[in-house]
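Reviewing the structure listed below.
Where a number appears in this text, it was derived from the coordinates with a stated rule and is not lab data. None of the values given here were measured: they were computed from a predicted structure. With ideal geometry, Cβ positions are generated from the backbone for all residues, glycine too; neighbour counts draw on all protein chains shown.
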Amino acid sequence: MSKKLAVMLSGRGSNFVAIAETIASGALQGCHIDVVLSDKPDAPGLEEARRRGIDTMVCARRQYASKQEWEQAMIDGLQARNVDFIILAGFMRILGEGFINAFPRRILNIHPSLLPSFIGLDAQQQALDYGVRYSGCTVHFVTNDLDAGPIIVQKVVPVLPADDAAALSRRILEQEHVAYSEAIALVVAGKYEIQGRRVLLK
Ligand code: GRF
């Protein structure tokens with residue numbers, strides 16, 4: 001049966017669009033995007049979902065009295081749809097243990113650096129400030145440690161002398177759009193085993 005993906009985003013949603021287009025092209029099989037969930041009612045990514053006829057859900061943090069209630073509303077919504085995997089694609093809030101533990105090893109995230117370097121915000125600027133010659137992106141399982149879950153796919157890009165954060169971000173983003181579908185293909189096919197920190201491919 002086709003696995004159900006829920007994409008969570010807060011912004012433009014270019015990773016979501018890349019995944020949706022890869023599925024539509026037939027290059028990523030065995031899954032479909034069941035719903036796009038955002039914490040931002042005006043996220044452009046939601047509009048992209050609607051244009052494609054994909055269901056959307058909005059859970060704005062300010063609609064709930066506590067972080068726990070907000071997370072519970074999202075858990076309830078996603079569990080009611082029986083989603084198999086949760087794809088964080090520019091979801092800009094840190095999820096707590098309650099949410100992460102509700103979907104063990106079923107939440108994926110993409111980060112615009114070669115983890116474990118440059119966790120947190122502005123990873124591309126961090127890479128420039130540090131002076132690394134190569135950066136890239138990482139798709140990983142989400143655990144309770146920020147940007148530190150088992151790594152599924154990484155792509156490397158060079159940092160060029162003339163780069164500013166925008167130029168480096170664009171080069172990394174191109175690879176993000178490839179990396180995320182590769183990682184999803186792998187988990188959807190179930191051809192992996194997590195041993196400690198390592199994702200072993202079968
Ligand atoms: C990407 O750079 C991703 O690595 C980070 O947030 C950004 C989301 O971009 N987590 P988009 O909304 O998918 O275009």
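Can you tell me the dipole magnitude for the chain around its Cα centre, using point charges on the Cβ only (Lys, Arg +1; Asp, Glu -1), in Debye to the nearest 20? Write out the running numbers ahead of the final one.
Working: 22 positive and 22 negative charges, 81 e Å.
The calculation lands at about 380 debye.
With the dipole of the chain worked out from charges on the C-beta (+1 for Lys and Arg, -1 for Asp and Glu) around the Cα centre, which of Ala189, Gly90, Val35 lies farthest toward the positive end?
Ala189
So what's the angle, to the nearest 10 degrees on a 0 to 90 scale, between helix 67-80 and the longest Cα principal axis of the chain?
For helix 67-80, the angle is close to 70 degrees.
Fully extended, how many nm does the chain gain between Ala165 and Asn101 (0.36 nm per residue separation, minus their Cα-Cα distance)?
Between Ala165 and Asn101, full extension yields 19.6 nm more.
Using R₀ = 35 Å, calculate the FRET efficiency as 1/(1 + (r/R₀)^6) where r is the Cβ-Cβ separation of His32 and Arg62; round to 0.05.
About 0.70, to the nearest 0.05.
Would you mind calculating the relative contact order of the chain from Cα pairs under 8 angstrom and at least 6 residues apart, reporting the percent as a whole number?
It rounds to 19 percent for the chain.
Determine the distance separating the Cα centre of the range 15-30 from the Cα centre of the range 55-119; give it in Å without decimals.
21
Pop a pseudo-label 7 angstrom from the Cα along the beta-carbon direction at both Gln79 and Asp42 and give the gap in nm to one decimal.
So the label points at Gln79 and Asp42 sit 3.4 nm apart.
Do the sum for the chain: with -39,500 (n - 2.57) for every DSSP H run of n ≥ 4, divided by all residues, what is the mean residue ellipticity at 222 nm, to the nearest 500 deg cm²/dmol? Each step should come with its number before you reach the end.
Working: 6 runs with 73 residues, N = 202.
Per the formula, -11500 deg cm²/dmol.
Go through Lys3/Lys40; Lys4/Lys155; Lys4/Lys202; Lys67/Lys155 and tell me which ones have a Cα-Cα distance over 28 Å in this structure.
From Lys3/Lys40; Lys4/Lys155; Lys4/Lys202; Lys67/Lys155, over 28 Å: Lys67/Lys155.
Rg/Rh for the chain: what does it come to with C-alpha atoms and Rh from Kirkwood?
Radius of gyration over Kirkwood radius for the chain works out to 0.95.
Evaluate the charge dipole of the range 1-103 about its Cα centre and quote only its size in Debye, nearest 20, assuming +1 on the Cβ of each Lys and Arg and -1 on the Cβ of each Asp and Glu.
Values: 12 positive and 12 negative charges, 32 e Å.
In debye, rounded to 20, the range 1-103 gives about 160.
Helix 14-25 sits at what angle to the longest principal axis of the chain, using alpha carbons and giving 0 to 90 degrees rounded to 10?
Helix 14-25 and the main axis of the chain meet at about 70 degrees.
Hey, what did the range 115-195 get for relative contact order, percent, Cα under 8 Å, at least 6 apart? Before the final figure, lay out each step's value.
Values: 95 pairs, mean separation 23.0, N = 81.
In percent, rounded to a whole number, it is 28.
Where the only charges are on Cβ atoms (+1 Lys, Arg; -1 Asp, Glu), what is the dipole of the range 109-202 about its Cα centre, to the nearest 20 debye?
That gives a dipole near 400 debye.
Taking the beta-carbon count within 10 Å as an exposure proxy, list Ile100, Ile54 from fewest neighbours to most.
Ile54, Ile100
Could you tell me which residue out of Ile23, Ala49, His111 lies farthest along the dipole of the range 14-120 toward its positive end? Charges go on the beta carbon: Lys and Arg +1, Asp and Glu -1, centred on the Cα centre.
After comparing all options, I get His111.
Among DSSP beta bridges lying fully in the chain, give the percent that are antiparallel, nearest 5.
Roughly 45 percent of the beta bridges in the chain run antiparallel, per DSSP.
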